[in-house]
Structures are given as C-alpha cells and as structure tokens.
Amino acid sequence: MLMVGGIILTVCVAFGWVHVGNFGHIQLAIPAFIYVVFIQAFVMFYFIGVSRLVENVWNALNSEGNLHELFDEPPTDLDPYKKKVTRYVHESQLSKRQTIPWTMLMLILGTIGFLLGGAHDTGMVAKTTHSGVAYGFIAAMAIGVVRQWYYLGKSHVLLGEMKALFGISRDAM
C-alpha cells in the first residue's frame, strides 16, 4: 500500500493537486520508483519461492528416498498426499503465472516512464510520450496490485493447508 500511495502522491504533485513542501514530482518519483522496484522484487521472490517449496514437497513425495523429509514414519498409502500436493503445485504455479507478468510489466513501464521523464525534462521527448507511458504504468500497477493481493491470499491459504497436511505448525518455516 505504501508503494501505491507513493505513486499516487507523485501523480498528484505532477498534476498540481497537492503540494509537498519544495518537492516536485521528479524529486518524489525517484524514491517512489526505487520503492516500486524493491517491492516488486519481493513479490516475485515470494511467488517463485512458494511455487518452488510446493514443487520440492511434490518431488519428495514422489521419491522413496526423501519421504523422511516429510514424515517421521512414512504412511503406506501416499495417494491422498500426492493428490492434494498435485493440486497445490497447480495452484502455486497458477499464482506465479498470474502475478509475475504484471510485476514485470510494472517494472518495464515504470523504468521506461522514469527514463522518458528525464528525457522530457531535458527536452528530448514530448510530454505526451512521458505521460502516456506513465499512465500505462499506473494502469498496470492498479491491475497488478489487485492480482498480487488476491493471489497472495490464495498462496497464504495454500501454505497453511500444506503445513496442516503434514502436521507442521503454521508458525514454522
């Protein structure tokens, strides 16, 4: 929410709707976009990490030698576990596929908009070019953030269910 707030504040200052001391939208855009880069990197690593964890559990279930990583005493019938973990693999991959493209689009459009802002400031491109890319970035951010929060919730529930399936506390890593 801080990322979205920083970008909204930058846009409001750019339109002249809000004044923040002696800061213009350029001075606000620099830290706001650096924050966007860090937040989106964390988002990508989260969804990649959840997907990788679930795949590792699936691989351990499907190899006889690694069952001790999941169970103190492996059950004889692993089919219920395999069925649920297969669904978890699908859901975690879906979450990753539904969020990372929006993350990348935000980063690409934000970077191009940031660079075009500097180019506009030096008179190399028209204001409409910078503004158009900035509007695209804002639209991608709005859609992307909603999707990221939705799939963040689904991934959180998925991890809780998977931990419960193997008798691991929700607080455990």
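Points worth noting:
- For region 45-101, the tally of residues that are part of a helix (DSSP H, G or I), touching a helix residue (DSSP H, G or I) at 6+ places or on another chain (Cβ under 8 Å) and more than 13 Å from SER155 (Cβ to Cβ) stands at 14.
- Considering only residues in region 2-44 that are open to solvent by 80 Å² or more (accessible area, probe 1.4 Å) and not in a helix (DSSP H, G or I), the one that is farthest from LYS96 (Cα to Cα) turns out to be ASN22.
- Taking residues in region 19-40 that are within 16 Å of LEU116 (Cα to Cα) and of a type in the set (A, V, I, L, M, F, W, C), and partners anywhere that are outside any strand (DSSP E or B) and open to solvent by 90 Å² or more (accessible area, probe 1.4 Å), the pairs with Cβ atoms closer than 9 Å and at least 6 places apart or on different chains are ILE26/ASP121.
- Restricting region 122-133 to residues that are surrounded by 13 or more Cβ atoms within 10 Å (Cβ to Cβ) and not aliphatic (A, V, I, L, M), the residue that is farthest from the chain's Cα centre (by Cα): THR129
- Among the residues of region 153-170, those identified as open to solvent by less than 60 Å² (accessible area, probe 1.4 Å) and in contact (Cβ under 8 Å) with a residue 40 or more places away in the chain are SER155, LEU158, LEU159, MET162, LEU165, PHE166.
- Within region 134-152, being open to solvent by 50 Å² or more (accessible area, probe 1.4 Å) and either closer than 17 Å to VAL13 by Cα or of a type in the set (Ser, Thr, Tyr) (or both) holds for TYR135, ILE138, TYR150.
- Those residues of region 61-74 which are within 13 Å of GLY167 (Cα to Cα) and open to solvent by less than 60 Å² (accessible area, probe 1.4 Å), in sequence order: LEU70, PHE71
- Criterion (of a type outside the set (Ser, Thr, Tyr) and more than 23 Å from the chain's Cα centre (by Cα)) met by exactly one of GLY113, GLY118, GLY136, GLY144: GLY118
The values are calculated or read from the model by the stated rules, or taken from the named source; none is laboratory data. Everything numeric here is computed off the predicted structure, so don't read it as measured data. When we count neighbours, we look across all protein chains shown, and the Cβ atoms used for this are built from the backbone with ideal geometry, even at glycine. We work out accessible area using only protein heavy atoms, side chains counted, and drop any ligands, DNA or RNA first. Shrake-Rupley method; radii C 1.70, N 1.55, O 1.52, S 1.80 Å.
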